[in-house]
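Inspection log for the structure reproduced underneath, given as structure tokens.
Since every read-out is calculated from the coordinates, none of them should be taken as a lab result. Just so it is clear, the structure is predicted and the values come from calculations on it, not from any experiment. Please note: Cβ atoms are built from the backbone with ideal geometry, for glycine as well, and neighbour counts cover all protein chains shown.
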Amino acid sequence: MTHHFVFVVLLSALPLSGALHAQSVAELEARLRKASAKSEQMNLYFEISKKIVGSNAAKAADYAIKASDLAVQLGEKRTAAEATCLAADAYYRKRDNKNASAKALEAWNMARNYGLRDVALDAVGKLEEVATREGNTAEALKWSRETVSYLKGTGGRAVAGTDASRKLETRLAELEAENRRLREEIAGLTGQSQRLETNVRQETEAQIKEIQDKSQEEMVRRDEEISKIKQEKYQVDSLARIKDKLVASLTKEQILARLRQAELSEQVQTEKAKVAESEVARQKSENMRNVLALLSGIVLLLALLFYFRFRAKRRTANALAEKNVIIEAEQQKIDALLLNILPPAIANELKARNKVAARQYPKATVMFIDFKGFTKVAENLSPEGLVELLDYCFTNFDRIISRYNIEKIKTVGDAYICASGLSDKNASPSDMVRAALEIQDFLLHTRAARMDKNLPFFEARVGIHTGPVVAGVVGEKKFAYDIWGDTVNTAARMEEACDTGRVNVSEDAYWLAKYEFEWEFRGKIAAKNKGLMDMYYVTAIKQY
């Protein structure tokens, strides 16, 4: 049957493209992934299935079913029947008899409907093979007879005078011989069945005889027990007759004496019963007292345990409350410290997500403050005095900008950098300019006070520019909030081009705060890496 199936598969592959046979499975699968036409996909699925049916039956079955489905869509009747038959062979090879039988039956029906006699012969042969493997001799004989009937009815006339005809005739003869062998096998099985029936009947008769023997023994045993019981009953009846004779022979006095004796005995038994009842009542009362004492002890013990537990829980609750107060105070310190470093919105985001996304602000105002002659002043102060003076100045700068909701960014050496417009507030640079004027006034008063004491003092240059910046938190340890962009660089150039004690503003910031201050136009001033830029000094707040 297997060599016949290979022969039919080889015949059925002739309509496919000859170029497919010369390619490896990998090449065919590469072509399949690129194929867009259904006809090409159908041929490739069918060819790959034929190539791998011996090595990967599961995949071959899947590809054959896909080829059959595409063939049905395209109206390729022969390919549809051959692919279904190939799927049956793949399932047969993976020992999936149920699917092999279903696909072979489907191929058998398709081939007969389409008039494909060679495919029909191969499908019915596969059905016979499945039945033989499952040991279903009757089913195998049925399909063998179906093959013979099909070959006699139509197959021989269809391909008369060809090699296929001669092979079909040979197959017909083989099937007829197979039919005879199956009939003989069934006949042999029938004879074995008769012999088996005879053996079963003999064994049954032996078992019946054995049961009859056992039943006879049981009946004998029960007869013996009945005889024994009758004898015991006779002895009891004899004792009763003797007792009746003794009672009849007793005198009246003896009867009265025995009655009195019985009454006394009954009174004694009654007294004993009363004593026993009182003893039981006493024992029950004593047990009840013991139980009550035990219950009282247990209740007292539980009360003590609950009391001590309550005390322990109250101490624990007090300790937890104290710790919560400490933790809350420390948390407030941490929050205050975090708000000292970061803007509130950024601090809240950092606490919630443990990271901060960078944000872009289209109209931020940046101010640079730098002390003039810092190195010379530092030479005239001790390290402690220098740090004390810087701290005094920067602390007052913080105080001034906080009144205008301006965000301090950082200090770099003697430089102080802050920005506004990093939130919904302070979108205009006006507050930054006011803060800058206050800072210069503060430095002017500090200068006068220190000059009276003949102490060194700081003078500062201030630069302001408005434009887009990007802000975010960088670093994982000792993180810092910072801003970046050309606006920051331009503000630094404004500070570099400023005179001591003045506030230098870029043109962009000037136009946004023009009507709130008095200005001095400086013209176009060269700025490092920026070229010529229009700059303005703020001279005073405009009075209305």
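Observations on the model:
- Relative intensity, log₁₀ I(q)/I(0), of segment 417-520 from a Debye sum that treats every alpha carbon as a point, q = 0.24 Å⁻¹: -1.28
- Gyration tensor over the Cα atoms of segment 484-527: the corresponding equivalent ellipsoid has semi-axes (square roots of 5 times the eigenvalues, largest first) of 17, 14, 10 Å.
- Taking 0.36 nm per residue of separation and subtracting the current Cα-Cα distance, fully stretching the chain between ASP441 and LYS530 would add 29.0 nm.
- Phi angles across segment 439-448 convert, under the Karplus curve 6.51 cos²θ - 1.76 cosθ + 1.60 with θ = phi - 60°, into 3J(HN,Hα) values of 5, 5, 5, 4, 5, 5, 5, 4, 4, 4 Hz, Gly and Pro given as x.
- Taken along the Cα-to-beta-carbon direction at a fixed 7 Å, the label points for SER423 and ASP486 span 2.9 nm.
- Considering only HIS445, GLY501, PHE457, the residue lying farthest towards the positive end of the dipole of segment 399-544 is PHE457, judged by Cα position with unit charges set on Cβ.
- Order by protection proxy (mean Cβ within 10 Å, highest first), peptides 512-521, 290-299: 512-521, 290-299
- Rounded to whole Hz, the Karplus (6.51, -1.76, 1.60) HN-Hα couplings of segment 84-92, x for glycine and proline: 5, 5, 5, 4, 4, 5, 5, 5, 5
- Values of log10 I(q)/I(0) for segment 354-481 across q = 0.20 Å⁻¹ run -1.14, by the Debye formula with one identical scatterer at each alpha carbon and no solvent.
- Rounded to whole Hz, the Karplus (6.51, -1.76, 1.60) HN-Hα couplings of segment 56-67, x for glycine and proline: 9, 5, 4, 5, 4, 4, 4, 5, 5, 5, 5, 4
- Using a Förster distance of 60 Å, the FRET efficiency for LYS209-ALA312 (Cβ separation, nearest 0.05): 0.10
- Shape category assigned to segment 35-155 from the gyration tensor of Cα positions, a/c cut at 1.5: oblate
- Note on VAL280 and GLU330: with the Förster distance fixed at 56 Å, the Cβ-Cβ geometry gives a FRET efficiency of about 0.20.
- Highest mean first, the peptides 269-276, 459-466 sorted by other C-beta atoms within 10 Å per residue fall in the order 459-466, 269-276.
- For segment 372-443 versus segment 51-105, the spacing of their alpha-carbon centroids is 84 Å.
- Near ILE541, the amide H atoms lying under 5 Å from its own belong to GLU518; only residues 5 or more places off or on other chains count, and H is placed 1.01 Å from N.
- Full-stretch length increase - TYR392, LEU301 - with 0.36 nm per residue and alpha-carbon distance subtracted: 25.9 nm
- Applying 0.36 nm per residue to the separation of GLU263 and LYS142 and subtracting their alpha-carbon distance, the gain on full extension is 33.5 nm.
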